[in-house]
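Let me begin by presenting the structure, written as C-alpha cells, before commenting on it.
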Amino acid sequence: MIPVTRQEVLGLYRKIFRIAKKWQSASGQIEETIKEKEYIKSEAKTLFRKNKNVTDPKLIKQCIEECEARIEIGLHYNIPYPRPIHLPPMGLAHKQGRTLRHQEKLRKISKPIYLKSHDEVS
C-alpha cells in the first residue's frame, strides 16, 4: 500500500471511532445508543481486518469509497446500519430460465456501493 493510501485508510479508521465515541441514537435511549456504538466499532474492526491484505489499488479505492459512503449515509440518516435497497424480490422475472438469471444479474449490479461488504460479513 502506498503511503498516501495508508494514511487515508488509517484516517478513515480513526474517523469511524471518533464518530462511534460521539454517537447518539435517534431514539435518545441510552441502551440503544450503547448498542449502536458497539455495532459501529465491531463493523469497522471486522471490515478493516478483512481487507487488511488487499493490495490491488482499484479494490482499495473501492473499499475507501464504500467506507466514505457508509459514513455519510450513517451521519445523514442518524442510522449506523446500512440502508437496504428497495427492489421488489424478483417481481419482474419469471420463476425459471434466462429471464431469472438476467434479473439476478441486474439486481447484483444495481446494489449500492455501501452494501457490497455488508452481505459478505453478515
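All of the numbers you see were taken from the coordinates with simple rules; none came from a lab. Given the structure is predicted, the values throughout are model-derived calculations rather than measurements.
Tabulated data
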quantity	calculated
³J(HN,Hα) computed for each position of region 34-45 - Karplus, 6.51 cos²θ - 1.76 cosθ + 1.60, integer Hz, glycine/proline x	4, 4, 5, 4, 5, 4, 4, 5, 5, 5, 5, 4
³J(HN,Hα), Karplus 6.51/-1.76/1.60, whole Hz, each residue of region 14-27, x for Gly, Pro	5, 4, 4, 6, 5, 4, 4, 5, 9, 4, 10, 6, 5, 6
Residues whose placed amide H lies under 5 Å from that of Q24, excluding near-sequence neighbours	none
